[in-house]
1. Checking the conditions here, which among A:162, A:143, A:137, A:156 is surrounded by fewer than 22 Cβ atoms within 10 Å (Cβ to Cβ) and touching a strand residue (DSSP E or B) at 6+ places or on another chain (Cβ under 9 Å)?
2. Could you tell me whether the stretch A:305-317 includes any residue that is surrounded by fewer than 20 Cβ atoms within 10 Å (Cβ to Cβ) and of a type outside the set (D, E, K, R)?
3. Right, residue A:404: outside any strand (DSSP E or B) and more than 14 Å from every other protein chain (Cβ to nearest Cβ) or not?
4. For residue B:33, only one of the following conditions fails: (1) surrounded by fewer than 20 Cβ atoms within 10 Å (Cβ to Cβ); (2) in contact (Cβ under 8 Å) with a residue 12 or more places away in the chain; (3) closer than 27 Å to residue A:524 by Cα. What is its number?
5. Among the strands (runs of 3 or more DSSP E) contained in the stretch A:276-388, which hold 1 or more residues that are over 18 Å from the mean Cα position of the chain (by Cα) and closer than 23 Å to residue A:411 by Cα?
6. Tell me yes or no: at least one residue of the stretch A:451-471 is more than 12 Å from chain B (Cβ to nearest Cβ), of a type outside the set (S, T, N, Q) and closer than 19 Å to residue A:366 by Cα.
7. For residues in the stretch B:340-354 being of a type in the set (Gly, Ala, Ser) and more than 10 Å from chain A (Cβ to nearest Cβ), which is surrounded by the fewest Cβ atoms within 10 Å (Cβ to Cβ)?
8. On the basis of being out of contact with any Gly (no Cβ under 6 Å at 6 or more places or on another chain) and surrounded by 16 or more Cβ atoms within 10 Å (Cβ to Cβ), does residue B:186 make the cut?
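The values are calculated or read from the model by the stated rules, or taken from the named source; none is laboratory data. All values derive from a computational prediction rather than experimental measurement. Please note: Cβ atoms are built from the backbone with ideal geometry, for glycine as well, and neighbour counts cover all protein chains shown.
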Protein chains: 2
Amino acid sequence: MPQKKILVIGGVAAGTKAAAKCRRESPDADIKIVTDEAYISYAGCGFPYYIGGHVRREQLEVKTVADFRTESNIEVFTQHRALSIDPARKTAAVKNLRAGGSEEFRYDVLIIATGAAPVMPLIPGHDLKNVFTLRTIDDAMRIGALTGGGAKSALIAGGGYIGLEVAENLVQRGIQVTLVEAMPHILPRFDEEIALLVQNHLRENGVRLVLGQKVAQIDGNRSGEVSGASTDNGEKIPADFVLWAAGVRPEVELARTAGIEIGPTGAIKTDERMRTNLPDVYAVGDCAETKHLVTGKPAWAPLGSTANKMGRVAAINACGGHDTFPGVLGSTVVKVFNVNVAMTGLTEKEARAEGYDFETVIVPCRDKAHYYPGNEFVTTKLVVDRKTRRILGGQIVGRGVVDKPIDILVAAITLNGTVDQLAKMDFAYAPPFSGALSPLINAANVMLNKLNGRFRGISSLELKKMMEAGEDVQLVDTRGAEQYAAGHVPGARRIALGELREKSKELAKDKPAVCICNIGKTAFAGHLILRNAGFKDVKTLEGGVTAYPFGLEKGAKK
Amino acid sequence: MPQKKILVIGGVAAGTKAAAKCRRESPDADIKIVTDEAYISYAGCGFPYYIGGHVRREQLEVKTVADFRTESNIEVFTQHRALSIDPARKTAAVKNLRAGGSEEFRYDVLIIATGAAPVMPLIPGHDLKNVFTLRTIDDAMRIGALTGGGAKSALIAGGGYIGLEVAENLVQRGIQVTLVEAMPHILPRFDEEIALLVQNHLRENGVRLVLGQKVAQIDGNRSGEVSGASTDNGEKIPADFVLWAAGVRPEVELARTAGIEIGPTGAIKTDERMRTNLPDVYAVGDCAETKHLVTGKPAWAPLGSTANKMGRVAAINACGGHDTFPGVLGSTVVKVFNVNVAMTGLTEKEARAEGYDFETVIVPCRDKAHYYPGNEFVTTKLVVDRKTRRILGGQIVGRGVVDKPIDILVAAITLNGTVDQLAKMDFAYAPPFSGALSPLINAANVMLNKLNGRFRGISSLELKKMMEAGEDVQLVDTRGAEQYAAGHVPGARRIALGELREKSKELAKDKPAVCICNIGKTAFAGHLILRNAGFKDVKTLEGGVTAYPFGLEKGAKK
């Protein structure tokens, strides 16, 4: 039997994973990787932390060409660009970017892992020195050199994960950061009230936010270096360099011209085995499309975690085995200074756009026992299908641990779990790790109260709208004087829970009332007292002042 | 309609939760709690951390009698002991321990939350001063006072969670700790190789372990204070005080004498709605039995987390609603100095005892990106049903984050997830939170390799046995010289992976070979090289030296 030829186009996560797994599946195969990059395997997600000085240069390069040769008997061709694929002859034309000249690579199986590239619009000044995207080790090193060498200010275009991670790391290096986001809030995939909490924290840490505006032009000085930028609104922003981090797009031109089908997301269409429409041709990683596990629709999730899984699946199938990659939930997590924020599944706005009949809750809770040192609040937002009670999605934000509960939700959503099941899960409990009822159990219980008609909540966004519309709503803060003075919703009157039975007489029973406390628990007790006292329209502010993103008033006015 | 009378016997987690939830469900009910304790609601799980000085006394008391009155309109009777229940007349006879005298409490619904009590055998010296169990605030305060006031050494009987947590906190206060465990290893519910890793860490931190022995007698001085203890093996252990932490048992006498059925675990038998065999009588918390979700058998899980959930379910049912508590997985987590260890579902020995046809893996993995500061190893052991591929249980140990993966497993096991599903879950990824492939995904992938016949592992226990039996096995350490010198399995010969193809000629193909590296990954690559070179019996040491609990050899001997 002739030696099976496996060709992988593209390195980094998906390509190298696919090649290495092919080696383990097929000890005798001829396995080659070609990549137009200078490095075969690097930790792209670590670039922000290299810029911040937390990661050393040598840690960014995960494996070398020599490693692949000696450890896995895989031949790697860096700075080799695949120009075209001939599916009929099963060949790829590959250009040597270093030495020049082209060569034809034969394959029995082809795995395409061409990745994604940052989107950089051709606005005036885009070609100035010190305008960067962040894709390669060289990009990271150039930005790193600037931050240690004279640059005092930076403009970041894009309020997504990379923009936020780099913003934090630049601030830590003493750089003044202005972040420009075209959408009305940063983290555009998140629901507004969650993103606003992160925005507040960015501002607390000195990041200037310019929202709802686009960078229209980058300005330069006489040496062709960046001096600043202007937004489409005419705002001038001084900056010594610009990082363009406004999204990436899949690199699919090689595939497209070879007749490989592109899906509606713009990435390469694949089936569950990571096969393209061409026989013996697979696509994996940031260039490949997959499925959203909640909606069942095509999805594109350019992330190292997905890339690794896809690479493994393609390799097993390419070597005659059988494996499937069922899809993604769009899970994501990001650290922004001392706040963490994560999501999985559908947000409220996505659930609405998809036409679900859903319910939401917003519930803050401490991440560890309330007495254990270092415990912090996290605020959980759940989105649940009203009819099936299936969990559709979750978002979690706060100074505490968010990655743990979001990954629990990942498991629950993947396995079609309901909020009823979530509420009863036997999560491991000890004070250094959790309260007796974890943030997810608490959120699930509030959701059950809501679905069962026991609890009526109002979100911070809805309350803000009511107040702006001048509606006559009685805001009742049920906390003690000290907590009230530390920060309350503007206009709230303080009536401590213990006095509410008595003092409810001073309120109007026929007017709407909203009870407010730290997290919603005491307020809900007050809510029940008022309802029991004959108040017709009572609600609890979901998430209390902890999750209220619009600014609190201080002092003991009332 | 007459006011519904709800009587709760017992406070703390389950009793107070049940009462508070009853109030929210039934605004008009007459709700009373009687407890023989001095405090109605306290953070028992925080006692070890109070002893260590991490938690203040006032943080231990969660809510007062006055809080229940003003906030929830619940009347609490502390230091009132329920002596008997008359189910026919629906009354309980209650003795006032403070003032003396008895009173009859009527009820429409009775919720029994009598908890559990430490087991203290009546060995000689058990009644000496300074022999403690750790159940009440007063116990914690007495031990706390001793540690700050002259005590230099302590004996802890019992190597379970409380014993370990207190051991850590006493060492931090400068106390010399000897821990005596009757079983051959601490954490007796865990599998041996996991528990041994924790044992090693306890010893590194100066805790003396006396294993496989029982405390037979506690010795005192002339003032009736503890001076030490003797084991059944005749070993003398000096100690200024003794903490007896060798398990708890459910407090069920009140229930039993009232004709309430006790289950095979010794706790009160309940159905999914937390009902006992008597009409309108519920049991919740540490005194109540539930079901194991994997085996379906009766289970007893005395933990605050379970107590809270049961309390809520009983309250909803007691007030005319409908809710169920499906059962537990025996989940647990404990911090021991800088190591964390957790489990859920079945261990290997439990799976064997239950007659499952199962497979196991042991896989170390970093908890964050390998370059992100502060990343640490955790070692995951999975137990999977071979036929259904359903996950039966997991144990995770290490300096890194263990509570997150264990709770993900809780969700996966609860929802009948398979290891195939686990391997593809879209966990949230960013360097501060996870590697691109998380510890669970890695462990699941190794399990898939094993189930699919691609991977043959050997556990540290099996290898130790082979070596002790004098079997002629070739140990091949596939790492570099530096790593080898830092610690290798005694008798292992170093052949770096890159040289293995060549140097395999120096090994005997017809003798068994075991490949060893840090975590099992490089060794597996070596394993495949040897198999490919014609070696007949090759295995990989699962978990590598990272999870090898029997002591490593240092130096570059070979």
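1. Details: A:162 fails: surrounded by fewer than 22 Cβ atoms within 10 Å (Cβ to Cβ); A:143 fails: surrounded by fewer than 22 Cβ atoms within 10 Å (Cβ to Cβ); A:156 fails: surrounded by fewer than 22 Cβ atoms within 10 Å (Cβ to Cβ).
Just one listed residue meets the conditions, A:137.
2. The first filter runs over the stretch A:305-317 and keeps only residues surrounded by fewer than 20 Cβ atoms within 10 Å (Cβ to Cβ), leaving none.
Within the stretch A:305-317, not a single residue is surrounded by fewer than 20 Cβ atoms within 10 Å (Cβ to Cβ) and of a type outside the set (D, E, K, R).
3. no
4. The one condition residue B:33 does not meet is (1).
5. On the way: elements: A:281-283, A:332-336, A:339-345, A:358-366, A:377-385.
Filter on the stretch A:276-388 gives A:358-366, A:377-385.
6. no
7. Taking the stretch B:340-354 first, the residues of a type in the set (Gly, Ala, Ser) are B:342, B:345, B:351, B:353.
Narrowing the set further to residues that are more than 10 Å from chain A (Cβ to nearest Cβ) leaves B:351, B:353.
On the way: B:351: 23, B:353: 11.
Within the stretch B:340-354, the match that is surrounded by the fewest Cβ atoms within 10 Å (Cβ to Cβ) is B:353.
8. No: the conditions fail for residue B:186.
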